1. Identify, by number, the condition in (1) surrounded by fewer than 18 Cβ atoms within 10 Å (Cβ to Cβ); (2) at pLDDT 95 or above that residue 89 doesn't meet.
2. So residue 33 ticks every box in (1) of a type in the set (Val, Ile, Thr); (2) closer than 18 Å to residue 177 by Cβ; (3) within 16 Å of the ligand (Cβ to nearest atom) but one. Which box is left unticked?
3. If residue 57 passes every condition in (1) over 19 Å from residue 181 (Cα atoms); (2) surrounded by 20 or more Cβ atoms within 10 Å (Cβ to Cβ); (3) within 12 Å of the ligand (Cβ to nearest atom) but one, which one does it miss?
4. Filter the stretch 31-55 down to the residues that are within 22 Å of residue 100 (Cα to Cα) and either acidic (Asp, Glu) or within 11 Å of the chain's Cα centre (by Cα) (or both) and list them by number.
5. For the stretch 129-146, enumerate the residues that are surrounded by fewer than 22 Cβ atoms within 10 Å (Cβ to Cβ) and within 6 Å of the ligand (Cβ to nearest atom).
6. Hey, among 157, 168, 152, which residue is part of a helix (DSSP H, G or I) and touching a residue at least 24 places away in the same chain (Cβ under 8 Å)?
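The values are calculated or read from the model by the stated rules, or taken from the named source; none is laboratory data. Not measured: the values here are computed from a predicted model. Note that each Cβ is placed from the backbone with ideal geometry, even for glycine, and that neighbours are counted across all protein chains shown.
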Amino acid sequence: MARYTRIPGSIALITLMNPPVNALSAAVRQGITDTVGRAVSDPEVKAVVLCGENGKFCGGADIREFAGPMTGPPLIPMIDAIEAAEKPVVAAIEGIALGGGLELALACHYRIAHVKARLGLPEVTLGLLPGAGGTQRLPRLIGVPAALDLIVTGRHVSAQEALKLGIVDQVTDGNIQEVAMEFAQSMSATLNSRC
Ligand SMILES: CC/C=C\CC(=O)SCCNC(=O)CCNC(=O)[C@H](O)C(C)(C)COP(=O)(O)OP(=O)(O)OC[C@H]1O[C@@H](n2cnc3c(N)ncnc32)[C@H](O)[C@@H]1OP(=O)(O)O
């Protein structure tokens, strides 16, 4: 599932909750769909921060659900709805952003990573390709050679390498949620002053 918190001011904080790695189970996909919809339709909300509970952004598809039939909202429309949101969505990446978790972050409009975070598209190690926009959004962001390297090796990169490659916009050693909310607040103030 995903928790929705209205932060005083104009920010909605959406927290993925699915221990141990906040994987994208059916309940989490439903939670993201519902909470992003709620944030977008609330006129008081000007920007959204997406984070994961317990120091982990998201470990990707929930491998515990691979054996059963697909239930809940599909991943691709859920991720596309974030990219299409008319309010800025900031990914606050702590711990891990892997597979569908990185694809989720790639659909956000700004990515801040904690200095100890690791990011990657390890689908190839499971015999899969990144199927939720990673093969499009990553090359657009960092170029084809660098994206192909990550996609075909499945290797994880550090936050610093992700910054150098252009996968994330900012790295912090501070409290990731506070840094992301502060950024989202300033972004929403800038947007308001121009509208
Ligand atoms: C439809 C396709 C859409 C998208 C494609 C994908 O997203 S494919 C999935 C991509 N994600 C992965 O492949 C991540 C695999 N996991 C890891 O690499 C490591 O587990 C991880 C997250 C780096 C953590 O490593 P660590 O050494 O710290 O811990 P450990 O491996 O022992 O894992 C801890 C527990 O977490 C469970 N777990 C890990 N990943 C997932 C996941 N994606 N879904 C569900 N559960 C996951 C792991 O099984 C351990 O559980 P435990 O009960 O403690 O044994």
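1. The failed condition is (1).
2. Of everything listed in (1) of a type in the set (Val, Ile, Thr); (2) closer than 18 Å to residue 177 by Cβ; (3) within 16 Å of the ligand (Cβ to nearest atom), residue 33 misses just condition (2).
3. Among (1) over 19 Å from residue 181 (Cα atoms); (2) surrounded by 20 or more Cβ atoms within 10 Å (Cβ to Cβ); (3) within 12 Å of the ligand (Cβ to nearest atom), the lone unmet condition for residue 57 is (1).
4. 32, 34, 49, 50, 51, 52, 53
5. Taking the stretch 129-146 first, the residues surrounded by fewer than 22 Cβ atoms within 10 Å (Cβ to Cβ) are 129, 131, 133, 135-137, 139-146.
Within the stretch 129-146, 131 is the sole residue that qualifies.
6. Details: 157 fails: part of a helix (DSSP H, G or I); 168 fails: part of a helix (DSSP H, G or I).
Only one candidate qualifies: 152.
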